[in-house]
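Right, one structure below, let's go through it.
The values are calculated or read from the model by the stated rules, or taken from the named source; none is laboratory data. In this text, all values refer to a predicted model and were calculated from it rather than measured experimentally. FYI the Cβ positions are ideal-geometry reconstructions off the backbone, even for glycines, and counts take in every protein chain you see. Remember, those area values only see protein heavy atoms, side chains included, never the ligands or the DNA or RNA. Shrake-Rupley method; radii C 1.70, N 1.55, O 1.52, S 1.80 Å.
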Amino acid sequence: KPWLTFLLSMVLCGVIEYVTSLILEKVQGMRWWDYSGYFMNFQGRICLEGLVVFALGGCAAVYLVAPSLDHLFCKIPMKIKIICVVLVVLFVADMAYSAFVPNIGEGITDNDVARIEIKKSDVLIASDFLLI
């Protein structure tokens, strides 16, 4: 049902854009976009034109991109799929661990000044090379 896909894409993207606007404004202290001048906007955070574009993109993803990717995905051997799943699980576990036990503290950042000086000299050498 393409009309339902269109409608759900519009609603889902509208909610995501609206909530993202609220969060960015609260966290960053500024508005990142303002649709106040657009037709049928809601608090300048979302507008009909943008939602229609997102809905068309959602339909394109569901009816054009996804079938093509599914066809390609079916060609990947199961052994490779399992390896990918394991790698993703390890990556997510590492991200979760790093969120709770960040890599900071004594011994981690002691050589920052030395690294910065080395990077500055590398940039100067690289820029001198490019000028020649």
(request) Estimate the FRET efficiency between residue 71 and residue 91 by the formula 1/(1 + (r/R0)^6), using the beta-carbon distance for r and 25 Å for R0, to the nearest 0.05. (result) 0.45
(request) Kindly sort 35, 97, 63 by accessible area of their heavy atoms, largest first, with the probe set to 1.4 Å. (result) 97, 63, 35
